[in-house]
Amino acid sequence: MLKKLYYPNPQFIRENWIDLNGQWKFTFDDENLGEISKEFLNDDFYKMNIIVPYSYHTKNSGIGLNEDHQIVWYKKDLNLEVKKNKKYILNFGAVDYKCDIWINENHMFTHKGGHTPFNLDITNYLKEEGNSIVVKVEDRNSCRQPIGKQSWKDTNFLCWYTRTVGIWQPVWIEEVGQNYITNIKMTPDIDNASIDLDIFIGEDDNDTSLVGEIYFEDKLINKFTTMFKAQRSRLSVDVSSENPHFRLNFWTPNTPNLYDIKFKLYKNNELVDSIDSYFGMRNVESIGKKIYLNNQEFYQKLVLDQGYFKDGGLTATPEELKDDVLKIKEMGFNGVRKHQKIEDNRFMYLCDTLGLVMWAEMPSTFEYSKETNENVTRELYEFIDKHYNNPSVIIYTLLNESWGINEVYKDVRQQNFVNALVYLTKSLDSTRLVVGNDGWEHTTTDILTIHDYNSDKDTMRESYKNINEAANGSPSRTSTRRCYSKGYEYNNVPIIISEYGGVAYDTSKDDEKDATWGYGERLIGEESVLNKIKELTEVVMDIEDVCGLCYTQLSDVEQEINGLLDHNHEYKFDPKIIREILEYKHNLGFIFK
């Protein structure tokens, strides 16, 4: 179990790879002179070292400077044996925001988008020995680029935190043959007990074929062979079992069953590439006001997760990610809303393997313009591609609380932007539900999501006495924003309270507690905080026609102290008590009773 956790992308494992995390040469270039002067080619240009993949702001980077430097450089010397008839693929998990890459002094590639993965074939630029990678990163922290929870001001404020600049997710090189698999899309079809495969390769070659094998618990389920046309092969494979009671082994949070699948690519009968992956057999859909997982009603009990760590910022170790997922499950949640962050591949793997549903969310911009439109759309393609094969991911959230579309209530252009993102997402992935603008002022959406930080149980309960009136109005007394934009109205889609609670509680011994931030009245004592969480959770669960909730939030983050865990991701409260609170109504959902 979890044997794939230490590979950078557990969905796409190759045997021959090189981990490039660790020490790199590093420098700031505030005047942007390195490229003009060509000084970046010289080792003495780099004034310090950094531990990749941590941003220089963090303690774990080995630098730990909370300063604003918008241009930084990295250099890594490669100890790489370059083999004939092999190709070498350089992978970056995420680099914030714009980066240029040189291999052995040759400019190869430019990438824009601070949260999504990319790769490049560097074979033709490698020498037999003495290779190097140089990465220049520019991050202006513009409000027109997706920045999520990074503060665009000089300092942190409210629920916006320290910036992230540069490489912040893993870097690695893979060795492949002369032709190789570039992408695989796996779409489960539980009603036909099959998996639909869409496989792409790097070169159009009539002499290339692929053999696949599917296993469940090490037992061979099926084997297939396919050819390629225009670098692509599409097929459907039967994954039914001979067991009459379990024709399929469904994926659910309680039973996170996964099928292993192996892809072997042959060129002229010679093995040139091999991928180990996995998939889960599950579907998600909405019918009326209910959400169904594998054709059974499913009540979601989510926790909001910002994905920040005290010494690592947005970057976590595999062990830290695993610890978070286990604690989320121990507290009784059946899912997680990953908020304003596109997470490390290994987090999704943990949700897939240990059993949590997940909402994947695009980081927000904070100003609308043509450039905003371009920047969000550019990253959306890679965002969808990254999550496509993870069975845990059941919902995409594209925007949050009208951030970056502040005038969406009346501005038809901004309404059309939301709608365009929703339909673009559905054109790329029709298997998941999509939330256009989470929490406020919806336009087109598969779910009406509401953010309500009312801390008074009585007035909160009164707000939802008539659910249809609430859905078409402003039920939350904390935001006063309407649920729908002008010209749109509630049309009996499922309703989820996707943010509530946020009960602030500081367990630190810091003398500067007044500098901390949280929702509502500051309560004193663990018992009063737990009682408040219990009261609010019971109110939400009692609301008629609401089919899920999301508590704010998993952990404290810098100045924000709304967490069920503290800044070190340790429990503030006995997890059994949180579990008992979430079990207030045992008949909500088929999985967690």
* Spatial separation of Cα centroids for the range 439-498 and the range 183-223, in angstrom -> 42 Å
* **Length added when fully stretched, ASP574-ASN183, from 0.36 nm per residue minus Cα-Cα** => 136.4 nm
* Inter-site label distance for ASN419 and LEU120 at 7 Å from Cα along Cβ, in nm -> 3.9 nm
* To do: Please list the radius of gyration and Dmax for the range 181-279, considering alpha-carbon atoms only, with Å as the unit.
  => 14.3, 45
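Give me the percent relative contact order of the range 89-185, please, defined on Cα pairs under 8 angstrom at least 6 residues apart.
Value for the range 89-185: 36 percent.
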* Per residue of the range 167-173, in order, report the coupling 6.51 cos²θ - 1.76 cosθ + 1.60 (Karplus, θ = phi - 60°) as ³J(HN,Hα) in whole Hz, putting x for Gly and Pro. => 6, 9, 10, x, 10, 7, 10
* Structure fact -> With the 8 Å Cα cutoff and a minimum separation of six or more residues, the chain has a relative contact order in percent of 13 percent
* Average projected area of the Cα convex hull of the range 1-115, in nm²? -> 9.1 nm²
* To do: Obtain the radius of gyration and the Kirkwood radius of the range 284-582 from its C-alpha atoms and give Rg over Rh.
  => 0.94
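At a 10 Å Cβ-Cβ cut-off, how would you order LYS327, LYS338, fewest neighbours first? The partial results should precede the final answer.
Working: LYS327 20, LYS338 23.
The fewest-first ordering by Cβ neighbours comes to LYS327, LYS338.
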* Just from its helices, what would the mean residue ellipticity at 222 nm be for the chain, if runs of 4 or more DSSP H residues each count -39500 (n - 2.57) and the sum is divided by every residue, rounded to the nearest 500 deg cm²/dmol? -> -5000 deg cm²/dmol
* Contour minus Cα-Cα distance for LEU41 and ARG481 (0.36 nm per residue) -> 153.1 nm
* To do: Over all directions, average the projected area of the Cα convex hull of the range 112-201 and note it in nm².
  => 10.7 nm²
* What FRET efficiency comes out for the pair ASN206/GLU538, r = Cβ-Cβ distance, R0 = 51 Å, nearest 0.05? -> 0.20
* How about LYS386: which lysines have a C-alpha closer than 22 Å to its C-alpha, ignoring those fewer than 8 places off in the same chain? -> LYS3, LYS4, LYS98, LYS112, LYS149, LYS185, LYS262, LYS264, LYS322, LYS338, LYS341, LYS426
* Per principal axis, descending, Cα span of the range 345-497 in whole Å -> 41, 41, 25
* Please report, in Å, the Rg and the Dmax of the chain, where both are computed over Cα atoms only. => 24.3, 72
* **Euclidean distance of C-alpha centroids, the range 281-349 and the range 45-76, integer Å** => 30 Å
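Every read-out reported here was derived from the displayed coordinates using simple, explicitly stated rules and does not represent laboratory data. A quick note: this is a predicted structure, and the numbers were derived from the prediction, not measured. Methodologically, a virtual Cβ is constructed for each residue, glycine included, from the backbone with ideal geometry; neighbour enumeration extends over all protein chains shown.
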